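Reading through the structure tokens given below for one structure.
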Protein chains: 2
Amino acid sequence: MRLLRLSLVGLLLGLAFVRPAGAKVFDAASFTLPNGLTVVVVENHRAPVVTQMIWYRVGAADEVAGKSGLAHFLEHLMFKGTETAKAGEFSAVVAENGGTENAFTSRDYTGYWQTVAKDRLETVMRYEADRMQHIVLTDDVVYPERDVIVEERRQRIDANPSSQLDEAMMAALFQNHRYGVPIIGWQHEMEGLTTADALAFYRKWYGPDNAILVIGGDVTVDEVKPLVEKYYGPLVPVGVPAERVRVLEPPPTAARTVTLKSPQVAEPQWYRAYLLPHRKDLAEGDLEALQLLSEILGGSATSRLYKSLVVDQGLATSAGAYDRSDALDYPTFHLAAAPRQGVELATVEQAMQAEIDKLVQGGVTEEELRLAKDRLQASAVFARDEPSTGPHVIGAAMATGETLEHIQSWPERVEAVTVEQVNALLREFLKPERSVTGYLLPQEPS
Amino acid sequence: MRLLRLSLVGLLLGLAFVRPAGAKVFDAASFTLPNGLTVVVVENHRAPVVTQMIWYRVGAADEVAGKSGLAHFLEHLMFKGTETAKAGEFSAVVAENGGTENAFTSRDYTGYWQTVAKDRLETVMRYEADRMQHIVLTDDVVYPERDVIVEERRQRIDANPSSQLDEAMMAALFQNHRYGVPIIGWQHEMEGLTTADALAFYRKWYGPDNAILVIGGDVTVDEVKPLVEKYYGPLVPVGVPAERVRVLEPPPTAARTVTLKSPQVAEPQWYRAYLLPHRKDLAEGDLEALQLLSEILGGSATSRLYKSLVVDQGLATSAGAYDRSDALDYPTFHLAAAPRQGVELATVEQAMQAEIDKLVQGGVTEEELRLAKDRLQASAVFARDEPSTGPHVIGAAMATGETLEHIQSWPERVEAVTVEQVNALLREFLKPERSVTGYLLPQEPS
């Protein structure tokens, strides 16, 4: 399976989330076609390569009841050919030209990209524009691919207890919103997806007015614009609502736990997830405060949790924190720890809880915040070196409703966060009733 | 609020679920009108009264995402008048004639009933048939009533920690199916329900082909039939699908807990809910085996849990079990216990778990099963004395897909259950990963 998919599972397994980086980092410009396609060009002239990324403002959380996995299924089917291109032809052309490609489905967006030599941009653009509105799906292609995604689920989730636990934790954390449904889908629903389902989803959501095209690399706006107009210009808007309407969570009232025991588990693990308020209900700067809090608690070997549990107390082999501040709807905050051999999971939990309690009571310090800001801002500078980072960060942010200007001002917004803001935020959301705690345990022989 | 609604909350609070009772108990006959209305007449000549109950095969679990509470809201709005009857007129007529009435919304059905003197049947039938298809809803009536249901939610759920806990437990138990959504609705969604929502729901689900009319009491089929034909006969079928398609649960993988702390809690309580397989995946007799298991564990003061925890060990003031074998989709099995003052909740939990472990290992005995069968069958005989029980039991069962013949054969099916069947069932479903455990705790002053 050559397709990478971003998901909470990946994050739990340690895949780093790339921070948005600001105006001083990316040399980005944007324009919009008359059919509604948003185009962003991120110049980067370090190497004669170019990345084309197309982002659709639709993800797994836009699926309807009973059709889980459909967004990801369609992502697979986008490689199955169009009225003028055979199944697999686009991928073969990318490979023959020495390029790389990938695709991913998240809760909030679906994306496709290719990185090729600069002079092959027109080729990949022709294919990408073509499959935005002209795919052809027949049962003989769709149903074998359905077997592929079901098998993918078996390997990624069912054969992986930590992924199973994550799935159960998210289902417990979200009582109403579809963030509680796995991106890959519930198996029994995946098995019932049809060709008609895929085509209906495609026709509803895939079109220039619901997409963001990001071109990054050794190109200029003047070079890109005529190509974009030529290939994407003729596509027809699908009339997607400007705002994606999703259901809301009820106010959380009760702390929850989820315990998964499996013979496949060698070492126990401890996890916790906190639900934050809907992004629309957060104050200016709250998301940046959340990112800084993650950094302070878990971003490095000098962070609070690692220092306390791993270095000072010697209870854990790992202890960290991260956030999902990139959510269109509900951001979440996550903690994780693995006990050292011979240490009880309950001991590690108590030590983690003690750190949380200390944090809620005492708050973070000016010094911690300063260092965290420096580290985050250094990551933004670092992001410049990787040509695909800019398109990725910008695409993900714009696909979840941010403007280019907002992305550009990220370093300034991080800088503006105060100790009081971080402390107010953590006191508000690090409450037991906002949390689900997960225990991954070896199954004792019965 | 004079309307009674059946819900899990009620059951948790100790409201007894009325068992279906069999052929030897109810003298029931049925016929169907050409427009699809199923009519059941349950003769009972002990008193010159008659009960009319109309059951719609639609409940809260038929609502779509974002519209929770709509089935119950419509139930309220059914009292707001029709093209020919003023708001409240039907209720006033019932009261003026010395009758009683009520209505209820469950996950799977919605019902309305009146009990009146025998000679007033035609009057209430005229009104009930009228409001099946001719209600009139205007904003000036709908929105004040929406305030009423929101206030009802505040009183029933938000002011009641055990109801809040139940809500959170059900949301954790059901990861996909709408049994995880409260019947009364999530407040933020109730507040967004509109007149158009109510009318669309009404027009989709309320019609003779989606209803069961049960007439019980001092009447005969020959007396009832002309009246039914006169009043219900002219109604137009709405074309509801014969089978209600609802989403399925993924296989449960992880044991869950839910902890609710509130300053309103005086005494801690312990609860557990187990998810059973979908009713279609259960074997013949499994539901009756489940009912017998509830009886053995928790049906009386001589039942296992009460005897062990309350009488023998003196740890609890109550300890019981019950089932929701009446579900259209997923039956559930429930345990509950309250510690005696000074006893830790964890001690009670351990004692309950010890009883479950003993049960799973040793099974139930022939003697226990014999006594439980006798008690269930006695309850069926007892049900005869109450004129409204027959219509209620029959209506609820038929509204969840049972045939009259199947209801009639309940005593025989209970009698046929074997010890092996009960033990196989409990070993299959009393597994940690099928369960949610709930803790209701006083909030310590902070």
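Details
- In segment A:400-442, the residues that are within 27 Å of residue A:57 (Cβ to Cβ), surrounded by fewer than 17 Cβ atoms within 10 Å (Cβ to Cβ) and over 20 Å from the mean Cα position of the chain (by Cα): A:405, A:409, A:412
- Exactly one residue among A:88, A:81 is farther than 27 Å from residue A:245 by Cα and either free of Cβ contacts under 8 Å to residues at least 60 places away in the same chain or not assigned by TED's automatic domain parsing to the domain that holds residue A:195 (or both), and that residue is A:88.
- With respect to the stated conditions, residue A:177 fails to be within 11 Å of chain B (Cβ to nearest Cβ), free of Cβ contacts under 8 Å to residues at least 24 places away in the same chain and farther than 30 Å from residue A:224 by Cβ.
- Checked against (1) acidic (Asp, Glu); (2) part of a loop (DSSP other than H, G, I, E, B); (3) touching a Leu at 6+ places or on another chain (Cβ under 8 Å), residue B:326 meets all criteria but (3).
- Test: residue in segment A:327-340 that is more than 22 Å from residue A:170 (Cα to Cα) and either surrounded by fewer than 19 Cβ atoms within 10 Å (Cβ to Cβ) or touching a residue at least 24 places away in the same chain (Cβ under 8 Å) (or both): yes
- Residue match in segment A:186-202 (condition: in a loop (DSSP other than H, G, I, E, B) and within 30 Å of residue B:167 (Cβ to Cβ)): yes
- Among the residues of segment B:190-202, the ones that are within 13 Å of chain A (Cβ to nearest Cβ) and surrounded by fewer than 21 Cβ atoms within 10 Å (Cβ to Cβ) come to 2 in all.
- Meets criteria (at pLDDT 95 or above and surrounded by 21 or more Cβ atoms within 10 Å (Cβ to Cβ)) for residue B:33: no
- Some residue of segment A:320-330 being at pLDDT 95 or above and within 14 Å of chain B (Cβ to nearest Cβ): yes
- In segment B:333-446, counting only helices (runs of 4 or more DSSP H) that sit wholly within it, the ones holding 2 or more residues that are under 18 Å from residue B:294 (Cα atoms), touching a helix residue (DSSP H, G or I) at 6+ places or on another chain (Cβ under 6 Å) and hydrophobic (A, V, I, L, M, F, W, C) span B:345-362, B:366-383, B:419-429.
- Identity of the residue in segment B:203-212, part of a helix (DSSP H, G or I) and crowded, with 22+ Cβ neighbours inside 10 Å, that ends up farthest from the other protein chains (Cβ to nearest Cβ): B:208
- Answer residue from segment B:414-446, given it is of a type in the set (D, E, K, R) and touching a strand residue (DSSP E or B) at 6+ places or on another chain (Cβ under 9 Å) and is farthest from residue A:254 (Cα to Cα) among those: B:431
- Scanning segment A:23-73 for residues that are within 14 Å of chain B (Cβ to nearest Cβ) and among the acidic types (Asp, Glu) yields a count of 2.
- Residue match in segment B:142-157 (condition: assigned by TED's automatic domain parsing to the domain that holds residue B:36 and outside any helix (DSSP H, G or I)): no
- Residue among A:87, A:47, A:65 that is closer than 19 Å to residue A:389 by Cα, assigned to a loop (DSSP other than H, G, I, E, B) and of a type in the set (Gly, Ala, Ser): A:47
- Of all residues in segment B:142-152, one or more are more than 24 Å from the chain's Cα centre (by Cα), among the acidic types (Asp, Glu) and more than 10 Å from chain A (Cβ to nearest Cβ).
- If you go through segment A:168-178 and keep only what is in contact with a helix residue (DSSP H, G or I) (Cβ under 6 Å, 6 or more places away or on another chain) and either closer than 12 Å to residue B:254 by Cα or assigned to a helix (DSSP H, G or I) (or both), you end up with A:170, A:171, A:172, A:178.
- Taken over segment A:156-173, the criterion of being more than 9 Å from chain B (Cβ to nearest Cβ), crowded, with 24+ Cβ neighbours inside 10 Å and not aliphatic (A, V, I, L, M) is satisfied by A:166 alone.
- If you filter segment A:236-248 down to residues that are of a type outside the set (A, V, I, L, M) and in contact with a helix residue (DSSP H, G or I) (Cβ under 9 Å, 6 or more places away or on another chain), you find that the one that is nearest to the other protein chains (Cβ to nearest Cβ) is A:246.
- When restricted to residues that are surrounded by fewer than 19 Cβ atoms within 10 Å (Cβ to Cβ), away from chain B (no Cβ under 13 Å) and polar (S, T, N, Q), segment A:249-307 contains 2.
- Tally, over segment B:90-99, of residues that are assigned to a loop (DSSP other than H, G, I, E, B) and buried (at least 19 other Cβ atoms within 10 Å of the Cβ): 1
- Residue check for residue A:182: in the same structural domain as residue A:206 (by TED's automatic domain parsing), out of contact with any strand residue (DSSP E or B) (no Cβ under 9 Å at 6 or more places or on another chain) and part of a helix (DSSP H, G or I): no
- Of residues in segment A:279-311 being closer than 16 Å to residue A:349 by Cα and among the charged types (D, E, K, R), the one farthest from the chain's Cα centre (by Cα): A:307
- Test for residue B:245: is it surrounded by fewer than 16 Cβ atoms within 10 Å (Cβ to Cβ) and under 24 Å from the mean Cα position of the chain (by Cα): yes
- Number of positions in segment A:102-130 that are touching a Phe, Trp or Tyr at 6+ places or on another chain (Cβ under 7 Å) and within 21 Å of residue A:205 (Cβ to Cβ): 10
The values are calculated or read from the model by the stated rules, or taken from the named source; none is laboratory data. Computed from a predicted model, the values in this text were never measured in an experiment. For neighbour counting, all protein chains shown are included, and Cβ atoms are generated from backbone atoms with ideal geometry for every residue, glycine included.
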